[in-house]
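Visitor: My questions will all concern the structure given below.
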Amino acid sequence: MSRPQGSAGRWRLVAVAVVALLVAALLAAPLAFIVRGAVDGGVDEVTAALGTSDVRSALWHTITLAIVVTVAAVVIGTALALAFDRALVRRPARWRLGLALPLLVPQFSLTLSWTQAYGSGGLLDHLAGLTLPGLYGAPGIMLLLAVDAVPVVWLIVTAALGVRREPDLVRAARASGAGPWQTFVTIDLPLLRGALLASAAVVLVGVVNSFAVPQVLGSAGGYQTLASLAYQQLAISAAPAAFTRLCVIALLMVVLVLVTIGGADRGFGRIGAGLQRSGSGGSRLVHRPSPATRLVSAALTAYIFLTMVLPLVSLAATSLTRAAGLAPLPANWALTNYRLGLDATALTSLGRTVVLASAAALIVMALAGVVVGIGGEARRRLGTALTLGFAVPGTALAIGVLIAYGQRLGGSAVIILVAYLGKCAALGYRALASGADRVAPELGQAARAAGADPMTVFRTITAPMTATGFLAAGGLVLLFALHELTMSSILYGADTETFAVVVLNQQQLGDIGVSAALAVVLTLPPLAVVGAGLAVYAARERRGQRPGRPAPPVEISWLAARPTEAR
């Protein structure tokens, strides 16, 4: 047995070394270059950069947005999770798909759709003469970021409720005369404390990371966050003082994220179990139609319609309107914007985006498989490093990658791929690890006792039983990379635009019709996923309604583990 064990030990050391080198190249080196760029000029230059009005203003805006959006998202998301848990929602699976829509629509497309629904000259303005006050400014940014973050909080808290799954405590409290608020404070809140802290940390990280929303809604009025300010500073970073200021901004974003991320990983540890248990098994509160259920259903209908359906319909209508200034109504529809927008440059960038996304998905799947196959304490540490890589703001990571590898890879598609790998590795690892952890350890132990090395165990036992995890890992990375804008907008060269960058450039040129058409194309893949999910659910529901056949349980999808960055 000594030979196989010695071979297994050597394989494991080589795998750990290779993965550690990749983590160092993809994450540690870019962050180290940011730190060096910030401190090279000495304390005086750092102090001068921090003392400029634009940096102080952007820092204050970022912190304010983070606090307000986090409070709003946690309150609304928790209320939604409790409504589902208390069986106050009729046909919950359909509502879940609707509430998950913000997770599937690119943040840039969602932002543009709101401007076409509620902005001046938008659909609501043409139909009823109504606009949303403060849309282009802090109130609009806060509102849209909260809408984007609510589904994440809802899914995390729902998973935590699935873990505790003790509705008898609620029944006992209500039978003893406790009201809904007292029941929440005395029973739910203590059980959900960890999940609430985790969801708050995830939302905070997402707000610091967000680029598309403040760029579209705040740039015209001079409202900047650290992410949008860094994007602006890139145009003048050749000057030494501007370069130092750029690195200081990136470093500030990293520090803000690392300060808040500590509690998030603890909460995520329970999410997988909650996803497995919620919707299947366990005692549930039985739904009885009541005025409360009708009120909650009406509120959900209004929320989903106003935040998602109306904006997306407005975006589609704008994309079909043949000229600016015309009402986005069927009488003015044509395919002109699609013909103008989908030119050779756009189609080439679309093909480039698909290639980059596919390459990132395949590489991350392989990397995640190696990390999972390593096992033990090394796997835990490497997994934590990959997870922290996703937490690093995309703007900061892109700046670090540009400084570290710009001389050799600058302007090429490879440098964009490097950033994608550093950012997406956590998605692939999380998705695969959640499936691998469900494999009975006795199977691997028996194989190892029979002389199999770790790779053989992984190939013959773990991989076949985690095929779904591999597909989820690849799908997550593919979806992220197809929509990614933050890093691509910093790293692209003259001939390496991604499709999301083309859409952003069109919007900044002021061509709203073409921008809307391209945004619709960018949005179609995830909406197709939702449509397929609705079709599958409808088919399952029809089968479940046949006499003598119980309705199948509906599980929350892997979307609960999706962090909020970089759309």
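The values are calculated or read from the model by the stated rules, or taken from the named source; none is laboratory data. Keep in mind that what you see is a predicted model, and the values were worked out from it rather than measured. Heads up, the Cβs are rebuilt from the backbone with ideal geometry, glycines too, and the neighbour counts pull from every protein chain shown. These accessible areas exclude ligands, DNA and RNA; they are computed on the full protein's heavy atoms, side chains included. Shrake-Rupley method; radii C 1.70, N 1.55, O 1.52, S 1.80 Å.
Visitor: Quick check: is even one residue across segment 105-123 β-branched (V, I, T) and assigned to a helix (DSSP H, G or I)?
Guide: Checked against the condition, which is being β-branched (V, I, T) and assigned to a helix (DSSP H, G or I), segment 105-123 yields at least one hit.
Visitor: Whether any residue in segment 401-414 is of a type in the set (G, A, S) and either open to solvent by less than 10 Å² (accessible area, probe 1.4 Å) or under 22 Å from the mean Cα position of the chain (by Cα) (or both) is what I want to check.
Guide: no
Visitor: Here are some conditions: (1) touching a strand residue (DSSP E or B) at 6+ places or on another chain (Cβ under 6 Å); (2) among the aliphatic types (A, V, I, L, M); (3) closer than 30 Å to Y420 by Cα. A357 meets all but one. Which one does it not meet?
Guide: Result: A357 fails condition (1) only.
Visitor: Looking at the structure I just gave you, is T387 hydroxyl-bearing (S, T, Y) and surrounded by 23 or more Cβ atoms within 10 Å (Cβ to Cβ)? Please lay out each step first, then the result.
Guide: Working: hydroxyl-bearing (S, T, Y): yes; surrounded by 23 or more Cβ atoms within 10 Å (Cβ to Cβ): no.
Answer is no for this residue.
Visitor: Is it the case that G37 is over 26 Å from V203 (Cα atoms) and out of contact with any strand residue (DSSP E or B) (no Cβ under 7 Å at 6 or more places or on another chain)?
Guide: yes
Visitor: Then there is this: Select from segment 37-60 the residues that are open to solvent by 60 Å² or more (accessible area, probe 1.4 Å) and either within 27 Å of the chain's Cα centre (by Cα) or free of Cβ contacts under 8 Å to residues at least 12 places away in the same chain (or both) and list them in ascending order.
Guide: Passing the criteria: V39, V43, D44, T47, S53, R56, W60.
Visitor: Filter segment 87-131 down to residues that are of a type in the set (D, E, K, R) and surrounded by fewer than 21 Cβ atoms within 10 Å (Cβ to Cβ) and give me whichever is modelled with the highest pLDDT.
Guide: Narrowing segment 87-131 to residues of a type in the set (D, E, K, R): 90-91, 94, 96, 125.
Of the ones still in play, those that are also surrounded by fewer than 21 Cβ atoms within 10 Å (Cβ to Cβ) are 90-91, 94, 125.
Numbers: R90: 69, R91: 69, R94: 71, D125: 90.
Among those residues, the one meeting the criterion is D125.
Visitor: Name the residue, out of A198, A178, A146, A230, that is part of a helix (DSSP H, G or I), among the aliphatic types (A, V, I, L, M) and either farther than 24 Å from H483 by Cα or at pLDDT below 85 (or both). Full working, then the answer.
Guide: Values: A178 fails: part of a helix (DSSP H, G or I); A146 fails: either farther than 24 Å from H483 by Cα or at pLDDT below 85 (or both); A230 fails: either farther than 24 Å from H483 by Cα or at pLDDT below 85 (or both).
Residue meeting the stated conditions: A198.
Visitor: Name the residue, out of G422, G369, G428, G351, that is small (G, A, S) and open to solvent by 10 Å² or more (accessible area, probe 1.4 Å).
Guide: Just one listed residue meets the conditions, G351.
Visitor: Out of A334, A359, which single residue is within 28 Å of G206 (Cβ to Cβ) and surrounded by fewer than 22 Cβ atoms within 10 Å (Cβ to Cβ)? If you could, list the steps in order and put the result at the bottom.
Guide: On the way: A334 fails: within 28 Å of G206 (Cβ to Cβ).
The conditions single out A359.
Visitor: Given the conditions (1) part of a helix (DSSP H, G or I); (2) at pLDDT below 85; (3) crowded, with 16+ Cβ neighbours inside 10 Å, and given that A538 satisfies all but one, which numbered condition is not satisfied?
Guide: Looking at each condition in turn, A538 falls short on (3).
Visitor: Here's a follow-up. What number of residues within segment 484-498 are closer than 15 Å to V105 by Cα and either over 16 Å from the mean Cα position of the chain (by Cα) or open to solvent by 10 Å² or more (accessible area, probe 1.4 Å) (or both)?
Guide: 0
Visitor: Residue by residue through segment 299-327, note down the ones that are more than 27 Å from the chain's Cα centre (by Cα) and open to solvent by less than 60 Å² (accessible area, probe 1.4 Å).
Guide: If the condition is that a residue be more than 27 Å from the chain's Cα centre (by Cα) and open to solvent by less than 60 Å² (accessible area, probe 1.4 Å), then L320, T321, A323, A327 are the ones that fit.
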